[in-house]
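Student: The structure follows.
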Amino acid sequence: MSNQEKLADGKSGSYGLCLLDEDELYGIGSIETDAELKQRRHSGIKALFAEAQQDREAFWSAQAQCLDWFEPWNKVLQWDPPYAKWFLGGKLNACYNCLDRHMHTEIWKKNALVWEGEEGLERSLTYEELYKEVNKFSNVLKESGISKGDKVAIYLPMVPETVIAMLSCARVGAVHTVVFAGFSADALKDRILDADAKLLVTADGGWRKGRVIALKQTADMALESCPCIQKTIVVRRLNCEVVMQYGRDEWYDSLMEDAQEECPCEEMDAEDELYILYTSGTTGKPKGIVHTTGGYMVSVTATMRWVFDLQPCDIYWCTADVGWVTGHSYVVYGPLSNGVSQLIYEGAADFPQRDRFWQLIQKYRVTILYTAPTAIRMFMKWGDNWPQGCDLSSLRLLGSVGEPINPEAWMWYYTHIGCQRCPIVDTWWQTETGSIMIAPLAGFTALKPGSATQPLPGIDAVIMDEEGRQQSSGYLAITSPWPSMLRGIHKDSERYQQTYWKKWEGRYYFTGDGAKQDEDGDFWLSGRVDDVMNISGHRLGTMEVESALVDHQGVAEAAVIATAHAIKGQAIAAFVSLKEHTPFHADLEDELKQHVVKKIGAIARPERVIFISDLPKTRSGKIIRRLLRDIAEGRVTGDVTTLSDPSVMENIKKQYQED
Ligand code: PRX
């Protein structure tokens, strides 16, 4: 039945009131007008802000009721700066909240995951089916020697088993660390070792742009130097030949065949760790960001509902990979704890051709799309005709995440994807914040292309100068603890304090982002102010890429900067000086790019490698990247008085222009 017919039939009114047949979970009826949306949402959101303002702890305590707890908490917050504990004494399980609690509701029979592989394979799992799979895999984990507090690494493509593995870890109280499947063997190894993971879940491979990603092979290389891994479970995605190491590797499907059906949830303390997720910082070594169970689940569950204005019949699609925090919070925990039906897609946006996303939206009647500015800019470049050829009328809300969205991209998204009727929520947050912090709430907040607008209820964000004075332009800071804040950096409390809290002596959280606030109090994020780059919405430290470059036998020194890029937002330019006896040859640039891909992964491939004889340094030997940025962006070079050898700059400029 078409939406028009449903309307005539009286089965669905505006999307806020749609009534669907039990077995009919796609399609949303008519789209609300702005006025209807405002009328429906305005007073509820206003009340949320008022409650949060009146008593922040009481507000979060009320929000925590959105979860099911085995034991209630006896204290909402314990704040010993810079360490916070939330919902002290409370007992719960994240997996229980994503699955078990839906058991006696209408959610049980609806689709939790609708999956499509890049080559077109389809699979869907209702909440009930997902529950069964998770119970079985939880038993597989237990049989494999995993118990509460153990670390499990997950290195999988975007397949339902990734979600199953994460939820199963949560169910048995194991701490998962998901490693993006685009990361190299070295990057996987570093993360496994730092987390001290006992078990790895991987796959024989995955699809990307029509090519096979040989995950098991990469995992095997990593595992050569990971003695902590006792067992590997391999998901059969491609059914291709892989080498299985006797005694260590087992197939997921054969273990599942023998697994018991029921696995009770482990009772977790609110402050027990849920996961570690590695992200780049200003040093060469990625940070293991630690999130715990109670506060994290409260924040992601509440923000998912507020920001995406969830309706029972929504088909939600977040295009992020589960390897990043967006995938953790807004593909796994947030949507499932809210009983949402969602689409997950394994592959690339241009496979087999450039309308794949729009074809998926049309086919599955997606109502909410959450994607990244870098993807939007790519779609803009590909041309309007791709979305125009598809029916996008099911969409009612659009989201953006990962980097500042430039107003041109916002307008294109609004016009060509949202057909000028879907609000866009530009959501600012980080791996460390765990959940969305600044975003408009459609129907309440006036939208401004390019601005993430206002902090959400219960979040205190301000802009500060170096001295901790509030300004309209400067550094973005969070002034009060929030439930899903990181609890630390795995095995490195010193780095936690230094990175986030030292700037203002432990009083405020330093985000690492620059921002401005306009006369309406709306926030405009301008990007990182530290040595962290944002390449296609992915965080990478300059030092990480530099370490990969100097690892090459011919490289003496390297300095990496981010330059503006029309699609990726930022791209990597690497200035490299070679060792004295390294012969220069025409393929060296490609060789170095490939070396970085091998050390980190394809996302870190430098756009340009510029060979120079000396790097600009202070007398104490510190590289001055600011001067390299000036050159790359064609600016007059700033203060050079601190350079040990000012003539270096002229040479670099010459080499940059010649390159
Ligand atoms: O610089 C900000 C940018 O992405 C950084 C966080 O990266 P990550 O931890 O990988 O998490 C990305 C997904 C939440 C931030 O410090 N960023 C993220 N969202 C936005 C943004 N910058 C501007 N506007 C946004 N909406």
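Student: Defining a contact as two alpha carbons under 8 Å apart and six or more residues distant in sequence, what relative contact order in percent does region 555-659 show?
Tutor: Values: 149 pairs, mean separation 27.0, N = 105.
Taking the mean separation of contacting Cα pairs over the length of region 555-659, I get 26 percent.
Student: C419 to D492: FRET efficiency via 1/(1 + (r/R0)^6), r the Cβ-Cβ distance, R0 45 Å, to the nearest 0.05?
Tutor: Values: r = 48 Å, r/R0 = 1.06.
Calculated transfer efficiency: 0.40.
Student: Rounded to the nearest Å, what's the spacing between the alpha carbon centres of region 308-358 and region 560-627? Just the number, please.
Tutor: When both Cα centres are located, 35 Å separates them.
Student: Give the lysines reachable from K503 as a straight Cα distance under 23 Å; neighbours fewer than 8 places away on the same chain don't count.
Tutor: K85, K285, K287, K491, K516, K622
Student: Now for a different question. Can you pull the one-decimal nm distance between simple spin-label points at A556 and Q657, each 7 Å off the Cα toward Cβ?
Tutor: 2.4
Student: Expressed in nm to one decimal, what extension gain is obtained for the pair E267 and K46 from 0.36 nm per residue of sequence separation less their Cα-Cα distance? Numbers along the way, then the final one.
Tutor: Details: separation 221, 0.36 × 221 = 79.56 nm, distance 3.54 nm.
Value of the extension gain: 76.0 nm.
Student: If you place +1 on the Cβ of every Lys and Arg, -1 on the Cβ of every Asp and Glu, and leave all else neutral, what size is the dipole of the chain about its Cα centre, to the nearest 20 Debye? Walk me through the numbers before you get to the answer.
Tutor: Numbers: 69 positive and 92 negative charges, 175 e Å.
Around 840 debye, computed over the chain.
Student: Using just the helices of the chain, give the 222 nm mean residue ellipticity in deg cm²/dmol: DSSP H runs with n ≥ 4 each add -39,500 (n - 2.57), and the total is spread over all residues, rounded to 500.
Tutor: On the way: 20 runs with 190 residues, N = 659.
Rounded to the nearest 500, it is -8500 deg cm²/dmol.
Student: Express the C-alpha Rg of the chain as a ratio against the empirical globular expectation 2.2 N^0.38 Å, rounded to two decimals. Walk me through the numbers on the way to the answer.
Tutor: Working: Rg = 24.7 Å, N = 659, 2.2 N^0.38 = 25.9 Å.
Rounded to two decimals, the normalised Rg is 0.95.
Student: By DSSP, what percent of the beta bridges with both residues in region 536-658 are antiparallel, rounded to the nearest 5?
Tutor: Details: 12 of 16 bridges.
That works out to approximately 75 percent antiparallel.
Student: Using DSSP, restrict attention to beta bridges with both residues in the chain and report what percent are antiparallel, rounded to the nearest 5. Present the calculation step by step, with values, prior to reporting the outcome.
Tutor: Values: 59 of 99 bridges.
Percentage antiparallel, nearest 5: 60.
Student: Also, quick follow-up: Name the residue farthest towards the positive end of the dipole of the chain from the options V175, G474, A409, assuming +1 on Cβ of Lys and Arg, -1 on Cβ of Asp and Glu, about the Cα centre.
Tutor: The Cα lying farthest towards the positive end belongs to G474.
Student: Something else: Under 15 Å from the Cβ of W429, count the other residues' Cβ atoms, weight Lys and Arg +1, Asp and Glu -1, and hand me the total. Show your work: numbers first, answer last.
Tutor: Details: positive: R528, R539; negative: E403, D426, E432, D460, D513.
Residues close to W429 contribute a combined charge of -3.
Student: Please give the length that would be gained between S393 and V243 if that part of the chain were fully extended, namely 0.36 nm times their separation in residues minus their C-alpha to C-alpha distance (nm, one decimal).
Tutor: Numbers: separation 150, 0.36 × 150 = 54.00 nm, distance 4.68 nm.
Extra length from S393 to V243 when fully extended: 49.3 nm.
Student: With Cβ to Cβ distances under 9 Å as the rule, what net charge do the other residues near K209 carry (K, R +1; D, E -1)?
Tutor: On the way: positive: R208, R211; negative: E118, D350.
Charge balance in the 9 Å sphere: 0.
Student: Determine, at each q value in 0.23 (inverse angstroms), the log₁₀ of I(q)/I(0) that the Debye formula gives when each Cα of region 532-602 is one equal point scatterer.
Tutor: Treating every Cα as an identical point scatterer, log10 I(q)/I(0) equals -1.03.
Student: Moving on to the next point. Return the distance in nm (one decimal) between the two label points of a simple spin-label model at S472 and L121, each offset 7 Å from Cα along Cα→Cβ.
Tutor: In this crude label model, S472 to L121 measures out at 5.6 nm.
Student: Per-residue HN-Hα couplings for region 161-175, Karplus 6.51 cos²θ - 1.76 cosθ + 1.60 at θ = phi - 60°, whole Hz, x for Gly and Pro?
Tutor: With the stated coefficients, region 161-175 comes to 4, 5, 5, 4, 5, 5, 5, 5, 4, 4, 5, 8, x, 7, 9 Hz.
Student: Sticking with this one: I need the calculated FRET efficiency for the pair D350 and R236, taking r as the beta carbon distance and R₀ as 35 Å, to the nearest 0.05. If you can, show how the numbers build up before the last one.
Tutor: On the way: r = 27 Å, r/R0 = 0.76.
Computed FRET efficiency for D350 and R236 comes out at 0.85.
Student: Mind checking which of G527, A222, I459 is farthest towards the positive end of the chain's charge dipole, using Cβ charges of +1 (Lys, Arg) and -1 (Asp, Glu) about the Cα centre?
Tutor: Positive-most Cα among the choices belongs to G527.
Student: Do any chymotrypsin sites (Phe, Trp or Tyr not before Pro) in region 582-659 lie in a loop, going by DSSP, with at most 13 other beta-carbon atoms within 10 Å of their beta carbon, and if so which? Write out the running numbers ahead of the final one.
Tutor: Working: sites: F584, F611, Y656; in loops: F584.
Filter output for region 582-659: F584.
Student: Could you work out how far the C-alpha centroid of region 481-530 sits from that of region 38-100, in angstrom?
Tutor: The distance from the Cα centre of region 481-530 to that of region 38-100 comes to 22 Å.
Student: Could you tell me, in Å, what Rg and Dmax come out for the Cα atoms of region 358-496?
Tutor: 17.6, 54
Student: Need one word for region 536-658: rounded, prolate or oblate. Basis is the Cα gyration tensor (sqrt eigenvalues a ≥ b ≥ c); a/c below 1.5 gives rounded, then a/b vs b/c decides. Show your work: numbers first, answer last.
Tutor: Details: a/c = 1.66, a/b = 1.20, b/c = 1.38.
In terms of gyration-tensor shape, oblate.
Student: So which lysines pass the test for K381, namely a Cα distance under 16 Å, with those fewer than 8 places away in the same chain ruled out?
Tutor: Filter leaves K568.
Student: Then there is this: Please identify which residues in region 572-590 have an amide N closer than 20 Å to a label point set 7 Å out from the Cα of D645, following the Cα→Cβ vector.
Tutor: 575-584
Student: State the Kirkwood hydrodynamic radius of region 127-264 in Å, one decimal place, computed from all pairs of distinct Cα atoms.
Tutor: 14.7
Student: Scan around G541 for amide H atoms under 5 Å from its own, H built in the peptide plane at 1.01 Å from N, and keep only partners 5 or more places away or cross-chain.
Tutor: G281, M533
Student: For a footprinting-style exposure proxy, rank T367, T126, T33, T374 by other Cβ within 10 Å, fewest first. Display every interim value, and only then the final one.
Tutor: Details: T367 25, T126 18, T33 11, T374 21.
With the fewest neighbours first, T367, T126, T33, T374 line up as T33, T126, T374, T367.
Student: Sum up the charges of everything whose Cβ sits under 13 Å from the Cβ of L360, counting Lys and Arg as +1 and Asp and Glu as -1, but leave L360 out. Each step should come with its number before you reach the end.
Tutor: Details: positive: R354, R356, K363, R365; negative: E116, E118, E122, E346, D350, D355, D391.
Local charge sum for L360: -3.
Student: Here's another thing I want to ask about it. Using label points projected 7 Å from each Cα along Cα→Cβ, tell me how many nm separate F584 and E57, to one decimal.
Tutor: Each label point lies 7 Å from its Cα, and together they span 6.5 nm.
Student: Sticking with this one: For the chain, what is the relative contact order in percent, using Cα pairs closer than 8 Å and at least 6 residues apart in sequence? Don't skip to the end; give the middle numbers.
Tutor: Working: 1405 pairs, mean separation 80.0, N = 659.
Value for the chain: 12 percent.
Student: What list do you get for Y155, Y496, Y370 if you sort them by fewest beta carbons within 10 Å? Mind showing how you got there, number by number?
Tutor: Working: Y155 26, Y496 20, Y370 23.
Listed from fewest to most nearby Cβ atoms, that is Y496, Y370, Y155.
Just so you know, all these numbers are worked out from the coordinates, no wet-lab data involved. Please read all numbers here as calculations on a predicted model, not as lab measurements. Positions of Cβ are backbone-derived with ideal geometry, glycine not excepted, and every protein chain shown enters the neighbour counts.
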